[in-house]
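FYI, it's all coordinate maths here, none of it is from the lab. Computed from a predicted model, the values in this text were never measured in an experiment. All Cβ positions, even for glycine, are placed from backbone atoms using ideal geometry, and neighbour counts span all protein chains on display.
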Amino acid sequence: MSQNSENIEHLVYKFNNGSITPDELNVLINWYNSHDDTYAQIPTSKVETADELKARMLSGLLSRVAEAEPKVAKPFPLYKWMSAAAAVVLVTFATWMLVVNKKTSDIDTSAKAGIYPGGNKATLTLANGKTIELSSAQAGIITGDKITYANGQLVEDAELPAADQPIHSLALRTPLGGTYNITLPDGTEVWLNAGTTLKYPSRFAPAARIVYLEGEAYFHVKSIVQSNGEKLPFKVISNHQDVEVLGTQFNVNAYPEEATAKTTLVEGKVAVADKSERLILTPNHQAITTNGTTKIKAVDVHSFIAWREGKFSFDNKTFKETMTEISRWYDLRVVYQNGVPEEELVGDAFRNQNIDLVLRLLDVAEINYKLDVSQRLLTITGKKNRL
């Protein structure tokens, strides 16, 4: 789902109730400014009233919206398009008011609940059991002859065995609310989502590249050709699946507390093996393994790799799946007091927003909830009663 629909509508909801943050305001303004609509630019030579400005911008924006996404697979209701357009009108008008009147926003930029989104957080555990807290100012590490951050700075005390010494096992772990990336000894890049552990060797053996995953990670596997002309396989082993590739990009979601593991292929080809069979996965398909049985289905890849782009994507996910993803990112425990609501959120949202984002999503979906900040507990009590 593009940012031109539900996400814009959600942000205008926050704007209207006064809870939108400056960052969210910028998102709306950037969305508006990304379109070449000369008819909706604020003039510098003519002074307009607020009503004139809003009316002119709404007219121009609605005409542009009709052309913005002419090939949407499922129609988006006109009233929502109007809401989206009105959102940008209101936001741009608010910016115009701040500039004209030289006022500053009094929006409280701190999270009302004191719960903030995740960021660059990870630990590296060496073969001797020593654990190193990695820098939150860095986004990832590179494992070669030495372990460095992406900027070339050495990771302090992270010594690797010499080439003539036995191979050591290392573990990169992200906590709930953490993400990090790593370049493995063969040049393969891996991005870890929240609450994930990747176990890998200090160097790969000549005939095998094997890593172990608990959680969720995005892999960009480097293709390596052996002396016999064949490509060297790369294998990811998780609790429900063994994924073997030769060089490709894919996402594996295999949290140990979940009964299902999912491998989503972006490009290339992978083989997914469960307890009984080995299946070939092609791009834009997903292998879902439950109770030792794997099924393959076509999917919108974006929904499952949006986290790599710093976003949530709610499309084609159950309410529980969405809330589980959110809970890992904000380090929350979610409890369903009266069962899981039969609700489905749609659209994208940026993951750098504070917990207010989640609360507003629930408000828009008309879900009752209670948040206990001290316990980091979000209790879902069900749908709101309509009058």
- Cα-based Rg (one decimal) and Dmax (whole number) for segment 261-382, in Å? 16.5, 47
- Message: Quick check: residue separation of I132 and K384 times 0.36 nm, minus the Cα distance between them. What number comes out in nm?
- Response: 86.1 nm
- Extension length gain for E277 and E309 (0.36 nm per residue less Cα distance), in nm, is 8.2 nm
- Once fully extended, how much extra length lies between N239 and E321, figured as 0.36 nm per residue of separation less the alpha-carbon to alpha-carbon distance? 27.6 nm
- Note on the structure: For P166, the net charge from surrounding residues (Cβ-Cβ under 15 Å; K, R +1; D, E -1) works out to -1
- Note on the structure: Expressed in nanometres to one decimal, the distance between label points 7 Å along Cα→Cβ at Y336 and Q165 is 5.0 nm
- Highest-first arrangement of 378-384, 274-280, where packing means the average Cβ count within 10 Å: 378-384, 274-280
- Share (percent) of C-alpha pair distances in segment 148-227 greater than 19 Å works out to 42 percent
- Are any of the pairs K262/K311; K231/K297; K121/K317; K146/K269; K146/K199 more than 22 Å apart by Cα-Cα distance, and if so, which? K231/K297; K121/K317; K146/K269
- Query: Can you give the net charge of the other residues whose Cβ lies under 13 Å from the Cβ of N128, counting K and R as +1 and D and E as -1?
  - Reply: -1
- Radius 11 Å from Cβ of G177, net charge of other residues (Lys, Arg +1; Asp, Glu -1): +3
